[in-house]
Amino acid sequence: MMYKSHVLICGGPECTKSGIAEINKQFERLLREKSLENEVKILKTDCFGLCEKGPIVVVYPEGTIYSEVTPDDIKQIVEEHLVNGRIVKELTLGGKEAKEALKGLEEVPFFKHQLRIALRNCGVINPESIDEYIAKDGYRALGKALTEMTPSEVIETMKKSGLRGRGGAGFPTGLKWEFASKAQSEQKYVCCNADEGDPGAFMDRSILEGDPHSLIEAMAIAGYAIGADQGYIYVRAEYPIAVSRLNIAIEQARNYGLLGKNIFGTDFNFDLELRLGAGAFVCGEETALMTSIEGKRGEPRPRPPFPANKGLWQKPTILNNVETYANVPVIILKGPEWFSSIGTEKSKGTKVFAVGGKINNTGLVEIPMGTTLHEVIYDIGGGIPNGKKFKAAQTGGPSGGCIPAKHINTPIDYDNLLSLGSMMGSGGLIVMDEDTCMVDIAKFFLEFTVDESCGKCPPCRIGTKRMYEILERITEGKGEDGDIEKLETLAKNISVSSLCGLGQTAPNPVLSTLRYFRDEYEAHIRDRRCPAGVCKALLRYVIEEDKCKGCGLCARNCPVNAITGELKKPYKIDSDICIKCGACMEVCKFGAVSKKA
Amino acid sequence: MGCKCENNCADQKVQELIEIIDKHKGKKGALIPVLHDAQNLYGYLPLQVQKIISERMNIPLAEIYGVVTFYTQFSLNQKGKYQIRVCLGTACYVKGSGKIYEELKKELKLSGDGTTEDGLFSLESCRCIGACGLAPVIMINDDVYGELVPADVPDIIKKYRDRK
Ligand SMILES: Cc1cc2nc3c(=O)[nH]c(=O)nc-3n(C[C@H](O)[C@H](O)[C@H](O)COP(=O)(O)O)c2cc1C
Ligand code: SF4
Ligand code: SF4
Ligand code: SF4
Ligand code: FES
Ligand code: FES
């Protein structure tokens, strides 16, 4: 059936929460009312990466993006746009500058700087329909690999493409596959790391929820390349929608003969199973993940032996990240030269970042390697809210570090981030403004590692705890001379003597903040001052006499009666009683209360 | 377990548990999938449930207990009727989720993660629930609340208290 228009309704996590179901219902009802149900097709898609402006509805063929849609808007969209063909400008994204709406998705500044390879289908197809995936060239790469290429040609293609792992360390994917293909064994396994542990990153979730078939196709290609007939996808249990869509997709692929025996009429067999994580960050580490699939406590194992030789159940195994896999089918179809023409010398292709924190447009962005941080934050991200100043961006999660303002023009790739003392990691990118305290952020990440350390080796278990205690002391105004040096010594010892990546990289957030913001540590320790005004113990709340109108609101809201005064005269805070709850500052309508560092 | 009615639902649940175990038993590394399903059935994993699993799967109880305590998703204790999860992931933290957590503790009279005396609420801090664009975020059962400020907390809690 030919449809005149397609209405794409975002079924991504954020839009779902802001009431997409009702919008969907309204569309269905009104289309039926206008007898348009055979001319207009409604599709539920995944996150468009415009969550800040959600709920999002896109109408094709025009590619008009309607943002912050409410159920009441639907009538107008149906009657004007779908019946009369007139775009409802005032409801479109950036509706006031109506020009943009007419240009469609590619022209919105948010998208213009992006290049969508891994996210190519997210928000474009219905993730629960294998037919739509196939219509977008889906499973053609698998067909091509199985019928036109030998396993070693597949591996050669991956090597030539320059694709590196998107889940952490950036290991060359083709090389990993080659090691496993050379290992001799009756049984081998292909695994996918969908544990997405970095707090603040959610790109894998988007692919799992928005394009599950690309993962299945890629894993089958990997299975063919290394000689494995069984795969496991290890998914966070916190992602129930991803789990359900993967299950649907696996079932559909089996029904179409794209999983199972004799795929594409060849003698290649491959099947997949899901395994759910259970909330342990360390299980994202490759050996721990395999131990967990085996049904045990997910503790890392020493390497060597490497998983390519002895992985899951001691059999040769490859493990790749979700986003890594999402690139594979396109590389097979378009060729390695195409892929390696994108990016920088040693980092090819694109990378998806989950941009969050103090930035105007939060959401997922996929950019060619080599894009600068400045472009991401200002051109795509729309800059810092409330006219604040950019201070640093954090990448690599608890294993990574901060990139300060002075390096904002560095092209983003694996090697540049490493040399700045951070790392690519899985792609969380948290923007911080002048109100963020870097010592507090370091403490935040250390608390995370202390919580998540599996406890198997003492340097990580005890060392990170010691570091955390020192940081806690510093933020409480009890820092001592020599604390910085102690942190540095501990950091060095922990990195060299921990068993797995979690411990080895745990000190990075401290080392990198020390590298760029040492003066902030010193201010906390020597002057008992938190320059960003975050560390509670080091703050004082004061009322500025000339701004105070003497309304008494603050005094009524203070939980400990620390504020006294007479109506219509300036009030005063007794800092000995004040517990620094901040209530007074929040309620004052005249901005008379301020925090003094 | 601990039920007072006469419908023997405890037995019925045990029957279901046994079915769960038998469904997974054949596959490799079946323990964790069984624990997930068992927790869905009971809401938590009391020792008695672990014992049944141990016997039927031929895995030592100590090993099962070791696995249950390793993973934060598995719980030895019954949770509240309304499970509140506060995201303390990086994006939320930078946008002040620490203060939301403090406010929740105050409102629920808890000193940290745990369950309220009346069993109505349990509070749990967690890492990134993948809704960073709405930071700071909390979830109460399946409902998500985003872009919160501490002052929103009492009203939200009240909504659930009134519902009982
Ligand atoms: C503590 C720790 C946690 C990790 N968590 C993840 C994760 O959540 N997702 C992921 O893909 N890789 C994670 N990794 C990296 C994996 O160990 C592994 O390198 C990666 O999944 C390999 O896939 P890739 O080569 O495609 O990146 C983690 C590593 C460590 C040390
Ligand atoms: S480094 Fe930490 S997380 Fe890794 S094995 Fe040792 S204790 Fe466990
Ligand atoms: S609320 Fe503000 S204006 Fe009113 S008394 Fe307090 S400080 Fe002064
Ligand atoms: S910060 Fe809190 S305790 Fe201190 S004066 Fe203001 S309202 Fe009172
Ligand atoms: S969830 Fe709808 S645009 Fe992100
Ligand atoms: S950091 Fe809170 S939802 Fe991602």
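Using 5 Å bins from zero, what percent of all Cα-Cα pairs in segment A:350-433 falls into each bin?
Per 5 Å bin, starting at zero, the Cα-Cα P(r) for segment A:350-433 comes out as 3, 17, 31, 30, 15, 4, 0 percent.
Taking every Cα atom in segment B:48-119, find the radius of gyration and the maximum pairwise distance Dmax, and write them in Å.
Cα only, segment B:48-119: 16.8, 48 Å (Rg, Dmax).
In segment A:438-526, with Lys and Arg counted as +1 and Asp and Glu as -1 at Cβ, which of these residues, A:Ala491, A:His524, A:Gly479, has the Cα nearest the positive end of the dipole, that is, farthest along it?
Farthest along the dipole direction, towards plus: A:Ala491.
For segment A:1-72, with the dipole built from +1 on Lys and Arg beta-carbon atoms and -1 on Asp and Glu ones, taken about the Cα centre, which of A:Asn24, A:Gly49, A:Cys10 lies farthest toward the positive end?
Result: A:Asn24.
Could you work out the percent of alpha carbon pairs in segment B:82-163 separated by over 17 Å, rounded to a whole number?
Here the long-distance tail beyond 17 Å is 36 percent of all Cα pairs in segment B:82-163.
Quick check: from the Cα gyration tensor, does segment A:505-597 come out rounded (a/c under 1.5), prolate or oblate?
prolate
Could you check the spin-label model distance between B:Lys23 and A:Arg515? Points 7 Å from the Cα along Cα→Cβ, value in nm.
In this crude label model, B:Lys23 to A:Arg515 measures out at 5.0 nm.
If you bin the C-alpha pair distances of segment A:137-221 every 5 Å from 0, what whole percents do you get?
3, 12, 19, 24, 22, 14, 6, 1, 0
Let's see if you can work this out: charge +1 on each Lys and Arg Cβ, -1 on each Asp and Glu Cβ, no other charges. What is the dipole magnitude of segment A:301-390 about its Cα centre, in debye to the nearest 20?
520
Using the scaling law 2.2 N^0.38 Å as the reference, what is the normalised Cα Rg of chain A?
Normalised Rg, Cα atoms only: 1.07.
Between segment A:292-338 and segment A:138-169, how many Å separate their Cα centres?
Segment A:292-338 and segment A:138-169 have Cα centres separated by 14 Å.
Using only alpha-carbon positions, what ratio does the radius of gyration of segment A:438-526 give when scaled by 2.2 N^0.38 Å?
Against the compact-globule rule of thumb, the ratio is 0.99.
How many partner chain Cβ atoms sit within 10 Å of a residue's Cβ in peptide B:84-92, on average, as a whole number?
Partner-chain Cβ atoms within 10 Å, mean over residues of B:84-92: 6.
Subtracting the Cα-Cα distance from 0.36 nm times the residue separation, let me have the gained length for A:Lys492 to A:Glu345 in nm, one decimal.
Here the answer is 49.8 nm.
What's the whole-number percent of alpha carbon pairs in chain B lying beyond 18 angstrom?
65
In Å and on Cα atoms, what radius of gyration and Dmax does segment A:113-155 show?
For segment A:113-155, the Cα radius of gyration and maximum Cα-Cα distance read 13.1, 37 Å.
Report, as an integer, the average count of C-beta atoms from other chains found within 10 Å of each Cβ along A:391-397.
Taking all residues of A:391-397 together, the mean is 1.
For segment A:17-90 and segment A:378-451, what is the separation of their Cα centres, given in Å?
That distance is 36 Å.
Under a point spin-label approximation (7 Å from Cα along Cα-to-Cβ), what is the A:Asn557-A:Asp481 distance to one decimal in nm?
4.3
Normalized C-alpha radius of gyration of segment A:5-102, against 2.2 N^0.38 Å?
0.96
Classify segment A:130-340 as rounded, prolate or oblate, taking a ≥ b ≥ c as the square roots of the eigenvalues of its Cα gyration tensor: rounded when a/c is under 1.5, otherwise prolate if a/b is larger than b/c and oblate if not.
rounded
Taking Cα centroids, how far is segment A:461-504 from segment B:53-83 in Å?
Rounded to whole Å, the Cα centres lie 33 Å apart.
Over chain B, what relative contact order in percent results from Cα pairs under 8 Å that are six or more residues apart?
For chain B, the relative contact order is 18 percent.
List the lysines whose Cα sits under 29 Å from the Cα of A:Lys568, skipping any in the same chain fewer than 8 residues away.
Of all the lysines, those that pass the test against A:Lys568 - Cα under 29 Å, at least 8 places apart if same chain - are A:Lys547, A:Lys549, A:Lys580, A:Lys589, A:Lys595, A:Lys596.
Over segment A:181-283, what per residue volume does the convex hull of the Cα atoms give, in whole Å³?
In segment A:181-283, the Cα hull volume divided by residue count equals 104 Å³.
Once the Cβ-Cβ distance between A:Arg32 and A:Trp313 is put in as r, and R0 is 45 Å, what FRET efficiency do you end up with, to the nearest 0.05?
0.25
Counting alpha carbon pairs within less than 8 Å and at least 6 residues apart, what relative contact order, in whole percent, applies to chain A?
11
Simple spin-label model, 7 Å along Cα-to-Cβ: B:Met57 to A:Lys549 in nm?
6.5
Please state the relative contact order of segment A:5-102 as a whole percent: Cα pairs under 8 Å, 6+ residues apart?
That works out to 29 percent.
Quick check: residue separation of A:Thr70 and A:Lys160 times 0.36 nm, minus the Cα distance between them. What number comes out in nm?
27.6 nm
Cross-link candidates for B:Lys25: which lysines have Cα within less than 27 Å, leaving aside residues fewer than 8 places away along the same chain?
Output for B:Lys25: A:Lys188, A:Lys261, A:Lys296, A:Lys310, A:Lys315, B:Lys13, B:Lys51.
Only counting other Cβ atoms within 10 Å, I'd like A:Phe390, A:Phe445, A:Phe202 sorted with the fewest neighbours first.
Listing A:Phe390, A:Phe445, A:Phe202 from fewest to most nearby Cβ atoms yields A:Phe390, A:Phe445, A:Phe202.
Residue farthest toward the positive end of the dipole of segment A:527-597, with Cβ of Lys/Arg at +1 and Asp/Glu at -1: which of A:Tyr571, A:Leu553, A:Met585?
The listed residue farthest towards the positive side: A:Met585.
Report the charge-dipole magnitude of the protein assembly as shown in Debye, nearest 20, computed about the Cα centre from +1 at each Lys and Arg Cβ and -1 at each Asp and Glu Cβ.
Charge dipole of the protein assembly as shown: 980 debye, to the nearest 20.
If a/c stays under 1.5 just call it rounded; otherwise compare a/b with b/c (prolate if a/b is bigger, oblate if not). Do that for segment B:11-70, with a ≥ b ≥ c from the square roots of the Cα gyration tensor eigenvalues.
Rounded shape, in that the Cα axes give a/c under 1.5.
Mind sorting B:Val14, A:Val69, A:Val78 by how few other Cβ atoms lie within 10 Å of their own Cβ, fewest first?
B:Val14, A:Val78, A:Val69
Fewest to most neighbouring Cβ within 10 Å: what's the order for A:Ser575, A:Ser67?
Result, fewest neighbours first: A:Ser575, A:Ser67.
Placing +1 at every Lys and Arg Cβ and -1 at every Asp and Glu Cβ, with all other atoms neutral, what dipole size does segment A:122-182 have around its Cα centre, in debye to the nearest 20?
Result for segment A:122-182 is approximately 400 debye, rounded to the nearest 20.
No lab work stands behind these numbers, since they all come straight from the coordinates. Here the structure is a predicted model, which means the values were calculated and not measured. Positions of Cβ are backbone-derived with ideal geometry, glycine not excepted, and every protein chain shown enters the neighbour counts.
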